[in-house]
Amino acid sequence: MSLRIYICEAKNLGPSSGPNRLRDLCTFCTISLDQEEVYRTKVYEKSVSPFYGEDFYFEIPRPFQCLSFYVYAKSMFQIRDLPVGKVAIRKEDLYKYCGKENWFQLQPVDPHSEVQGKVHLEMKLNELITENGSICQQLVVQIIACQGLPLISGQNCDPYATVTLVGPASSQFTMFWQVTRSSSYKGRSHFHVEEEDIEKLEIKVELWNNGNLAQDVFLGETRVSVKILRNDNVHRAWYLLQPKGNGTKSKPDDLGSLRLKVTYTEDNVLPSAFYTALRNLMLKSPDVKPISASAAHVLGDICRESVGYEALLPVVRLLLHHNRLLPFLTSVAALELENTQEANTIFRGNSLATRCIDDMMKIVGKSYLTVTLKPVLNEIFESNKTCEIDPVKLKEGDNVEVNKENLQGYVQKVFTSITQSSSSCPPLMCDVFRSLRQLASKRFPADPHVQYSAVSSFIFLRFFAVAVLSPHTFQLRSHHPDPEISRTLTLISKTIQSLGSWGSLSKNKLSSFKETYMYDFFKLFQEDECIEKVKKFLDEISSNVSKESSGVEDSFVLKEGEVHKRAQGRKRIGKKNFKKRWLRVTNQELSYHKQKGKESLCVIPVKNILGVEKLEESAFNRKNMFQVIHSEKPLYVQAGNCVETNSWIEVLSQVSRCNPGRLSTFHPSAYVGGSWLCCKELNENTPGCKPCTATVLANIQLDIDCDRETERIFSFFSSNRSRLQKMEDACAGMSVYLGQQEECSAFTIQDPKETFRTIKELGEVLDDLQAQHDSKGALTDEPGTM
């Protein structure tokens, strides 16, 4: 499961009238899975209609019931931020809004409506002989288990349940169960029920958190009609917890509205063996002649109108995993060059070839961007010098010459970072660039510059310039920049595009800017030295020229943030409790600090990390825990939410993936009270009892779930079967009439017979997979099951 969310803007926030209008308060927006906050926007300036403009993408690491968006007003004088309103979308309704922008009315934030989790109930009707000899019905209710309850103040809740038999006003009985563990309910109660009343009765189960000295917190309720036992004396099922009174409420005040774009993807992945035929067909694509007749190219062709080239991402990932991507990219690039008439337009459009290479760079070049751009981008964000050089946009008091000097300094730093980064360029990117260079020279032998523009159109225009413009999209910054920094990044990106464009660096040309101020600014960089730096860089990343490396790697931050860390017990005296700490990971070390910017309390060299794994919830009765296993005692850390937990584990696993001596087994729980909680071994040095999670051992291919990618490919084919049929008909028409027909213009068909053969084979494979999905769905979609 994954979510791509764009929080656009809010409108008319707060009550429509009265003293609570939010004209004087700054606001921000949060994203929650059930009650667990996973992301929040920056705080935006005072406005009742703020524009947020932030997008988020994340894999969903656990089941959830509801996706919620909360708008808060940032209070200057109160301890807690003020909730303005929320938008809540149930998981089963997400498809209604998928991929489209929608306005949602904000609803009041009511504690009794904030629920998550499910409860497992068993109900029985037994016949009971009373003391006077008559027979009556006995209703037995058992709470078997409960799952997915929320955290209370960062820890597992301490729940209890009430069970109420609800009927006419005169008959209502309530029983209470105190529960010591949220996942184990053994309470049972008996009610005597008259047979004629069964149709009117329902069981209401409420869950509450025991607040001890504080007020108890409502966790949710569910209601089940007793008449469900009419045909079966035993009923056992899971029920989702619902808001109090099932969410019924009076019409709220107008709290404003929120414009959102939500794209939810859920993959129903079958066992691996079911995907063998489709997977093999896709992996055979690089060898098919012509490449336009391959299954991968056919997929891109039929999905072009509906989803653009989005369908190509799982193809790229699948081929990458099996080391089949390079020959495929070479073939599709060669096909595009056949249809390119002018050398100065090479790889400038949005095509199947350019999209595949874009996707490849984003996957394998993530660390390359971090090494190259993150340090200089951090400096730009933190120093925040004014760089506006457009006379129309200058503010009062701005000095355009000072701004130009600031901008030139930033551009020079970004340009130098890029042109000196060839030793960090991933091998696969170098192989692809080398292939593009050779293909371009062969296609346009009379143009000496085309071999460079073929490479620069990707590495500068589609990789570095885009990352500078949108650092948040490439995980180089945690939030979108504010408007002033965004403007600075736009100017830097424009200049970098032109500096890297080989055509604009020819001595007889000056880059064609629409704006006069950019034309004047760019002339500062029109020097032979600049041209030679670009040429040398492009040579190094696209030929067999050896790349020089300084041998000394600069330290740069990969991730940092606030966590709760358990004391490691290095001191004999002192509690092993949890404390807030600032955790920081660089490419060289992991450290934690009392606060951001303070000196480190502990430093663990990356080379000493032996494993990074999740920790069982039962270890410390806390969720979202992970452990860093190193040469000393394990470091136990609690992240802020489930998405953050996965993010920390991914970063730490990646940075330590090539360490010698990485463990093959680990303990999923803690060593407490003289034994391991997981395997009950007494010796603290006993080897782990569970295999370690497979990590990316110097090779990104291992981090790809091929079954999931193949399922996505199947989904794209299935939703475009009508287009696939049209393509098949077009192939048949071309074979009969021996020529290009009108209906063929929407597809790339070079060899109709070979393409027809591929489509027929695809049809058979897709039908078989659909049959497997249908049979699995029939077995698992029973209401009340997990």
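The values are calculated or read from the model by the stated rules, or taken from the named source; none is laboratory data. None of the values given here were measured: they were computed from a predicted structure. Neighbour counts are summed over all protein chains in view; Cβ atoms, including those assigned to glycine, are modelled from backbone coordinates with ideal geometry. To get the accessible areas, we keep the full protein, side chains included, count just its heavy atoms, and leave off ligands, DNA and RNA. Shrake-Rupley method; radii C 1.70, N 1.55, O 1.52, S 1.80 Å.
Quick notes
- Projected label points at residue 204 and residue 259, each 7 Å from Cα along the beta carbon direction, are separated by 4.2 nanometres.
- Most tightly packed first, judged by the mean number of other beta-carbon atoms within 10 Å of their residues, the peptides 377-388, 33-44 read 33-44, 377-388.
- Per-pair calculated FRET efficiency, R0 = 60 Å: residue 223 and residue 367 via Cβ, rounded to 0.05: 0.70
- Taking all protein chains into account, the per residue accessible area for the stretch 270-353 stands at 38 Å² (1.4 Å probe).
- Net lengthening on full extension, residue 128/residue 344 (0.36 nm per residue, minus Cα-Cα): 68.8 nm
- Shape call, the stretch 311-435: gyration tensor on alpha carbons, a/c limit 1.5: prolate
- Sorting the segments 647-655, 265-273 by their mean number of nearby beta carbons within 10 angstrom, highest to lowest, gives 647-655, 265-273.
- Overall form of the stretch 96-136: prolate. Here a/c, set by the Cα gyration tensor axes a ≥ b ≥ c, is 1.5 or more, and a/b is the larger of a/b and b/c.
- With Cα atoms defining each centre, the stretch 409-472 and the stretch 635-689 are spaced 40 Å apart in the structure.
- Of the solvent-accessible surface of the stretch 345-541, computed with a 1.4 Å probe and all protein chains present, 50% belongs to carbon and sulfur.
- Solvent-accessible area, 1.4 Å probe, carbon plus sulfur percent, for the stretch 559-662: 45
- In plain terms, the bigger the Kirkwood radius, the slower the diffusion; for the stretch 345-541, with that radius from Cα pairs, at 37 °C and 0.692 mPa s, Stokes-Einstein puts D at 188 µm²/s.
- Global form of the stretch 60-133, assessed from the alpha-carbon gyration tensor, a/c cut-off 1.5: prolate
- Taken over the stretch 604-694, the ratio of Cα radius of gyration to 2.2 N^0.38 Å equals 1.03.
- Each peptide among 213-219, 678-684 gets the average number of other Cβ atoms lying within 10 Å of its residues, and from highest to lowest they stand as 213-219, 678-684.
- Length-normalised contact order of the stretch 345-541 in % [C-alpha pairs under 8 Å, at least 6 apart]: 26
- Under a model in which nothing but the beta-carbon of Lys, Arg (+1) and Asp, Glu (-1) is charged, the stretch 345-541 shows a dipole of about 760 debye around its Cα centre.
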